[in-house]
Amino acid sequence: MNKATRKAVIAGNWKMNKTPAEAAALIEEMKPLVKDADCEVVLCVPYVDIAAAVEAAKGSNIKIGAENVHFKASGAYTGEISAEMLLACGVEYVIIGHSERRTYFGETDQTVNLRTLAALNAGLKVIVCVGETLEQRELGYTETLLKFQTKMALTGVTKEQLKNVVIAYEPVWAIGTGVTATDDQADEGNGFVRAAVAEAYGAEAAEAITVQYGGSMNAKNADGLVDKINVDGGLIGGASLKAADFAVIVKAASK
Ligand code: PEP
């Protein structure tokens, strides 16, 4: 397996944090710190921050993403945002199926798939999140679940569209908890995701796809995690709200 052929992606997930002015200020702080990155640098921000974030990131190597997208193009879906709308605002990436969406907002594998298709068909790049709960892990279902979630999310996605797909393996028990998967657990989980892609699209596609790890990745533990053969960067929550910490993680993925 040749990891060097894949581009690592470090993506921040700001969740429900930062006003537009705060978002612009944080991006201004980050820009000089990540400008020499040898990985893709993405910040996924709340909808209301997108305009300010796109403006602040202009001319830099920071790409702006959203944290969710609806699966319909338009219509009577109060409070929702379409892929076309995001694109029109300068968004390049969108997170789909984050565990917080699955847990608190009724996201299912089916709606994750619908959102993935809508985003890809509109021309966005997607970061699809998969991951097991602690209970599922303890019952021995991690591999089965990760393969199922991965294949469900990608149903109907063409091999060509797969080039615009990043998958984030995010064990639910590690998100926002301060409990990180060990380097080997992250590598194993990412390996299960990659194996699912191989089963669905073949070995070459599996070799090429970017699979991130996410779950309490921080400035201290990023090095060991991103060094693993199956780990192509990370999806970063808490630590992406601190410019210096985020920059250390970007640097770790740029080696
Ligand atoms: C996330 O929100 O995807 C995440 C991994 O959060 P944290 O880094 O805070 O665990």
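The values are calculated or read from the model by the stated rules, or taken from the named source; none is laboratory data. Treat the numbers as computed from the prediction; the structure is a model and nothing was measured. Glycine gets a Cβ as well: all are built from the backbone with ideal geometry, and neighbour counts include every protein chain shown.
Which of (1) within 16 Å of the ligand (Cβ to nearest atom); (2) at negative phi is the odd one out, the single condition Cys39 does not satisfy?
Just one mismatch for Cys39, condition (1).
Are there any pairs with C-beta distances below 6 angstrom linking a residue in region 220-242 that is more than 26 Å from Glu29 (Cβ to Cβ) to a residue that is within 11 Å of the ligand (Cβ to nearest atom) and assigned to a loop (DSSP other than H, G, I, E, B), with the two at least 6 apart or on different chains, and if so which?
Filtered contacts from region 220-242: no entries.
With the requirement that a residue be farther than 9 Å from Ile10 by Cβ, more than 6 Å from the ligand (Cβ to nearest atom) and not hydrophobic (A, V, I, L, M, F, W, C), what does region 231-247 give you?
Hits for region 231-247 are Asp232, Lys242, Asp245.
From the set of residues in region 155-175 that are closer than 19 Å to Leu145 by Cα and of a type in the set (Ser, Thr, Tyr), which is farthest from the ligand (Cβ to nearest atom)?
Thr155
This table checks each residue for (1) more than 10 Å from the ligand (Cβ to nearest atom); (2) among the aliphatic types (A, V, I, L, M).
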residue	(1), (2)
Thr177	no, no
Thr180	no, no
Gly189	yes, no
Val193	yes, yes
Glu199	yes, no
Ala206	yes, yes
Thr210	yes, no
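Note down all Cβ pairs under 9 Å where the first residue falls in region 32-60 and is without any contact (Cβ under 8 Å) to a residue 24 or more places away in the chain, the second is charged (D, E, K, R), and they're at least six residues apart or on different chains.
If the second residue must be charged (D, E, K, R), the pairs left are Gly59/Lys31.
Among the residues of region 65-97, what is the count of those that are over 14 Å from Val128 (Cα atoms), within 18 Å of the chain's Cα centre (by Cα) and small (Gly, Ala, Ser)?
2
Report, ordered by the first and then the second residue, all pairs with beta carbons closer than 9 Å, sequence separation of six or more or different chains, a first member in region 162-184 that is of a type in the set (Ser, Thr, Tyr), and a second member that is part of a helix (DSSP H, G or I) and within 8 Å of the ligand (Cβ to nearest atom).
Sorted first by the residue in region 162-184, then by its partner, the pairs are Thr180/Ala174.
Determine if region 129-151 includes at least one residue that is surrounded by fewer than 17 Cβ atoms within 10 Å (Cβ to Cβ), β-branched (Val, Ile, Thr), more than 18 Å from Val69 (Cα to Cα) and away from the ligand (no atom under 16 Å from the Cβ).
yes
Pick from Ala118, Ala122: which is under 28 Å from Val41 (Cβ atoms), of a type in the set (Gly, Ala, Ser) and surrounded by fewer than 19 Cβ atoms within 10 Å (Cβ to Cβ)?
After ruling out the rest, the residue left standing is Ala122.
If I filter region 177-220 down to residues being closer than 18 Å to Val250 by Cβ and polar (S, T, N, Q), which single residue comes out as modelled with the lowest pLDDT?
Thr180
Failed condition for Glu80, given (1) surrounded by fewer than 22 Cβ atoms within 10 Å (Cβ to Cβ); (2) not in a loop (DSSP other than H, G, I, E, B), with all others met?
Going through (1) surrounded by fewer than 22 Cβ atoms within 10 Å (Cβ to Cβ); (2) not in a loop (DSSP other than H, G, I, E, B) one by one, Glu80 breaks only (2).
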